[in-house]
Amino acid sequence: MPSDQDSLADLRRQIDDIDAAIHDLLMKRTEVAQRIGAVKGEDSVYMRPGREAVVLRRLIARHKGALPGALIVRIWREIFAAVTALQGPLAVAVYAPEGSFGYRNLARDHYGWRTPITAYRSAAQVLEAVSDGRATVGVLPVPVEDGVDPWWRNLARDGDAAPRVVARLPFAVIAPSGTDSVEALAISHAVTEVTGEDRAFLVVETGELVSRSHLKQLLAEAGFETLDIQGAEEEGGRSLNLAEVEGFVRDDDPRLARLVELGEGTLSHVWAVGGFAVPLLLEETASPEAEDAGR
């Protein structure tokens, strides 16, 4: 009859075999991803934040057992970052005022431990780094009401040079989240994609002050479900308004032109400035039984 030590040795051999199988599959996955990059070509978009969100949602939906779902997300985030770096440059600019580490930690968790991350003292410096190509991605605070010199105003530009919001960090949110949790938006020139559960940002320029209730009504008439509106006064009596809306919004969405039309001259311009896949809401960490797993 096998002893406990024999049984333990056999279980550890199984772990070793599983580790080798996981390693083989990781190497195979990397080879396939490199082939995809070769097919797309050097000038194609290699960052796919929407695709990454779809993959993570599918994995979490099928996940079971004692291993925390948050760990699955963390592992695949490292895989995404490593493979992306093989296809093209990947560098991150982070808003990090003196003595602050929250946004840098978010960026590290989301974009991988090997990705170069540069801290900047102001949001304007982060925007400039992304705009001129020194950084592939910028990580900035989620806009808050009555923020001083809101950074999102700089997204209200025409042309390909303007970065857009492409993700919200963290993508995996543990429930219940703490009141002091840090959240951020990622901006980039990467193309946003429909994921099935999205939110978008619009910047609406008005030639005169427009009440938020009236703007929300106009947005509803144009076909948008508004979640939040923030405003910022500009020179010359005009104002910019950041609207977060449900769903995915393309640059050529006909609802944008409809919104300007409904404004009857009070709305001078509307920009679709990107959006994000709605983050996953995960349960608390694994049960105590999992503590000795893999030892």
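Residue 78 meets each of the listed conditions (1) under 28 Å from residue 120 (Cβ atoms); (2) outside the structural domain of residue 166 (by TED's automatic domain parsing); (3) among the acidic types (Asp, Glu) apart from (2). Counting residues in region 28-45 that are in contact with a Leu (Cβ under 9 Å, 6 or more places away or on another chain) and among the hydrophobic types (A, V, I, L, M, F, W, C) gives one or more.
For region 118-165, name all the residues that are among the small types (Gly, Ala, Ser) and assigned to a strand (DSSP E or B). It would help to see each step written out before you state the result.
Of region 118-165, the ones among the small types (Gly, Ala, Ser) are 119, 122-124, 129, 131, 133, 135, 138, 147, 156, 159, 161-162.
Correct list: 119, 138.
Among the residues of region 1-38, those identified as over 26 Å from residue 80 (Cβ atoms) and of a type in the set (A, V, I, L, M, F, W, C) are 1, 8, 9, 11. So, in region 147-168, exactly how many residues are under 22 Å from residue 50 (Cβ atoms) and surrounded by 18 or more Cβ atoms within 10 Å (Cβ to Cβ)? The total comes to 9.
For region 1-50, taking the residues that are under 23 Å from the mean Cα position of the chain (by Cα) and among the hydroxyl-bearing types (Ser, Thr, Tyr), the one that is modelled with the lowest pLDDT is identified as 44.
Does residue 58 satisfy being exposed (fewer than 15 other Cβ atoms within 10 Å of the Cβ), more than 28 Å from residue 189 (Cβ to Cβ), assigned by TED's automatic domain parsing to the domain that holds residue 138 and at pLDDT 95 or above?
On the way: exposed (fewer than 15 other Cβ atoms within 10 Å of the Cβ): yes; more than 28 Å from residue 189 (Cβ to Cβ): no; assigned by TED's automatic domain parsing to the domain that holds residue 138: yes; at pLDDT 95 or above: yes.
Spelling it out, it is not the case that residue 58 is exposed (fewer than 15 other Cβ atoms within 10 Å of the Cβ), more than 28 Å from residue 189 (Cβ to Cβ), assigned by TED's automatic domain parsing to the domain that holds residue 138 and at pLDDT 95 or above.
Restricting attention to region 97-117, and to residues there that are on the phi < 0 side of the Ramachandran plot, in a loop (DSSP other than H, G, I, E, B) and without any contact (Cβ under 8 Å) to a residue 24 or more places away in the chain, which single residue is surrounded by the fewest Cβ atoms within 10 Å (Cβ to Cβ)? Taking the candidates together, the pick is 98.
Please work out if residue 123 is modelled with pLDDT of 90 or more and of a type in the set (Gly, Ala, Ser).
Details: modelled with pLDDT of 90 or more: yes; of a type in the set (Gly, Ala, Ser): yes.
Considered against the rule, which asks whether it is modelled with pLDDT of 90 or more and of a type in the set (Gly, Ala, Ser), residue 123 comes out as yes.
The values are calculated or read from the model by the stated rules, or taken from the named source; none is laboratory data. In this text, all values refer to a predicted model and were calculated from it rather than measured experimentally. Quick reminder, even Gly has a Cβ in these numbers, built from the backbone with ideal geometry, and neighbours come from all protein chains shown.
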